[in-house]
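Q: Attaching a single structure in structure tokens format; questions to follow.
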Amino acid sequence: MSELTVQPVAGKADRRAFVDFAWTAYAGDPAWIPPLKSEVHALLDPRENPWFGHGRAQLFLARRDGAVVGRISAQVDELVQERMPATGQWGFFDALDGEAAAALIVAAEDWLRGQGMARALGPISLSIWDEPGLLIEGFDEPPMVMMGHHRPEYRAWIEAAGYAKARDLLTFALDIRIDMVPLIDRLIQAGARNPRIRIRDVDKARFDAEAAIILDILNDAWSDNWGFVPLTPAEIAYAGKKLKPIIIADLVKIAEYDDGAGFKPAAFMITIPDVNSMIADLDGRLLPFGWAKLLWRIRKVATTRVRVPLMGVRKAYQSSRLASQFAFMLIEYTRRVCVGKYGIHHGEFGWVLEDNQGMMSIAELPGAGINHRYRVFEKTL
């Protein structure tokens, strides 16, 4: 019988094999979008990703007869420990069969125990801000940018290892050419008449400052959410650098509110073109011509799909009517630009925690429906 081994990643060759294994795991899957290899390598590199300023990780490869048949990461985030003590995580989970899957999960759990962890959450790759959750519904539709795709078998393999549901994360799809329903439209129109509310585009000429404003609101707005980990200043700068090339100024909006002491940022919504549809034919490579293709496609907004990966309203307003007003004004003003200027017709919101009642109001938008469901699993170690 062929022998299965699981070993820690050691050296550049192993790291390349770890990244490249995705091409083996999803060979022939029409819904899988090959990620840019340079982006995955940067995410896993402590010299580039500031997550490693408060986190540590170990990567593992499973091999059978010398061939890679699976991969997994195990990680401990010190910022997670402040909210979920003794909780470690694992991610980048892919395997060709149940035996490899089981052995990989055991290796990740053993490493987490060695780090003093008593509970495991997964899959999370590497943090809640990257690609959290396992796809359990929506296998036929390719994921949008910054969302994951997985094989249907993975759920049973994870549950067989003793894991149960912690939370579900949802994405909503909608045809944005459909006008708002009258009730929501009246709320938007009332906001438009309110001189204390204004909605503006992000200013790319001062992008670093704008990114800091947006992520400051995000840290405040999401701070009570399950799984939340604050972004550090270094991560805010890193996120801004990564997002800037794909930001279209009039698709990123900030709501400002005059609280009696002048206008201050109160809410934001980031809408980005679906870069996945722009890189699908690059096979993970930017060289020799991938960069030129991608930059041209972004500049021309060469997609009919957009995603809202991040949206937030400051906690001070979340229990008031203003929260809904800000949110729906941001959505509607962006919708008009998408449809009228860029000819975009398909939008996706998410992910949204299934128990986030405020954000679940997205389901009230005309034509909206859940198109993907991702599950984060948990287990006591």
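Q: Picking from 153, 82, 159, which residue would you name as being under 29 Å from residue 224 (Cα atoms) and without any contact (Cβ under 8 Å) to a residue 60 or more places away in the chain?
A: None of the others qualify; the one that does is 82.
Q: Scan the stretch 204-218 for residues that are under 21 Å from the mean Cα position of the chain (by Cα) and either modelled with pLDDT of 90 or more or of a type in the set (Val, Ile, Thr) (or both) and report the count.
A: Total satisfying the criteria: 6.
Q: Looking for whichever is assigned to a loop (DSSP other than H, G, I, E, B) and of a type in the set (Ser, Thr, Tyr) here; the options are 303, 334. Which one fits?
A: Every option except 303 fails the conditions.
Okay, residues lined up against (1) modelled with pLDDT under 85; (2) farther than 20 Å from residue 127 by Cα:
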residue: 202; (1), (2): no, yes
residue: 226; (1), (2): no, no
residue: 235; (1), (2): no, no
residue: 249; (1), (2): no, yes
residue: 258; (1), (2): no, yes
residue: 275; (1), (2): yes, yes
residue: 285; (1), (2): yes, yes
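Q: Could you list, in sequence order, all residues of the stretch 6-28 that are surrounded by fewer than 14 Cβ atoms within 10 Å (Cβ to Cβ) and not in a helix (DSSP H, G or I)?
A: Passing the criteria: 7, 8, 10, 11, 27, 28.
Q: Suppose we filter the stretch 184-200 for residues that are basic (Lys, Arg), under 11 Å from residue 257 (Cβ atoms) and not in a strand (DSSP E or B); how many remain? Outline the logic, then answer.
A: Going residue by residue through the stretch 184-200, those that are basic (Lys, Arg) are 186, 193, 196, 198, 200.
Add one more test, that the residue is under 11 Å from residue 257 (Cβ atoms), and what stays is 196, 198.
Retained after the next criterion (residues that are not in a strand (DSSP E or B)): 196.
Residues flagged as basic (Lys, Arg), under 11 Å from residue 257 (Cβ atoms) and not in a strand (DSSP E or B) within the stretch 184-200 amount to 1.
Q: Looking at residue 135, is it touching a strand residue (DSSP E or B) at 6+ places or on another chain (Cβ under 7 Å), over 30 Å from residue 304 (Cβ atoms) and either in contact (Cβ under 8 Å) with a residue 60 or more places away in the chain or not polar (S, T, N, Q) (or both)? Give the derivation first.
A: Working: touching a strand residue (DSSP E or B) at 6+ places or on another chain (Cβ under 7 Å): yes; over 30 Å from residue 304 (Cβ atoms): no; either in contact (Cβ under 8 Å) with a residue 60 or more places away in the chain or not polar (S, T, N, Q) (or both): yes.
Answer is no for this residue.
Q: If we keep just the residues of the stretch 33-67 that are touching an Asp or Glu at 6+ places or on another chain (Cβ under 8 Å) and assigned to a strand (DSSP E or B), which is nearest to residue 99 (Cα to Cα)?
A: Once the filter is applied, the top-ranked residue is 64.
Q: Considering each of 50, 8, 30 in turn, give the residue that is in the same structural domain as residue 105 (by TED's automatic domain parsing) and in contact with a helix residue (DSSP H, G or I) (Cβ under 6 Å, 6 or more places away or on another chain).
A: 50
Q: On to the next question. Show me the strands (runs of 3 or more DSSP E) entirely contained within the stretch 69-171 in which 1 or more residues are surrounded by 19 or more Cβ atoms within 10 Å (Cβ to Cβ) and aromatic (Phe, Trp, Tyr). Let's see the steps before the verdict.
A: Details: elements: 87-95, 119-122, 134-137.
Here the list reads 87-95.
Q: Restricting attention to the stretch 42-68, which residues are surrounded by fewer than 16 Cβ atoms within 10 Å (Cβ to Cβ), more than 15 Å from residue 238 (Cα to Cα) and of a type outside the set (Gly, Ala, Ser)?
A: The answer is 56, 65.
Q: Further question on the same structure: Among the candidates 91, 98, which residue alone is modelled with pLDDT of 95 or more, under 18 Å from residue 156 (Cα atoms) and more than 20 Å from the chain's Cα centre (by Cα)?
A: 98
Q: Which of the residues belonging to the stretch 1-50 are of a type in the set (Ser, Thr, Tyr) and over 21 Å from the mean Cα position of the chain (by Cα)? Please lay out each step first, then the result.
A: Narrowing the stretch 1-50 to residues of a type in the set (Ser, Thr, Tyr): 2, 5, 24, 26, 38.
Residues satisfying the conditions are 2, 5, 24.
Q: I would also like to ask the following. Return a yes/no flag: does the stretch 201-218 have any residue that is out of contact with any Phe, Trp or Tyr (no Cβ under 6 Å at 6 or more places or on another chain), in a strand (DSSP E or B) and surrounded by 18 or more Cβ atoms within 10 Å (Cβ to Cβ).
A: Residues of the stretch 201-218 out of contact with any Phe, Trp or Tyr (no Cβ under 6 Å at 6 or more places or on another chain): 201-213, 215-216, 218.
Those still in the list that are in a strand (DSSP E or B) too: 201.
Now drop any that are not surrounded by 18 or more Cβ atoms within 10 Å (Cβ to Cβ), which leaves none.
Within the stretch 201-218, not a single residue is out of contact with any Phe, Trp or Tyr (no Cβ under 6 Å at 6 or more places or on another chain), in a strand (DSSP E or B) and surrounded by 18 or more Cβ atoms within 10 Å (Cβ to Cβ).
The values are calculated or read from the model by the stated rules, or taken from the named source; none is laboratory data. Quantities reported herein were computed from a predicted structural model and do not represent experimental measurements. Every residue, glycine as well, gets a Cβ built from its backbone with ideal geometry; the counts of neighbours run over all protein chains shown.
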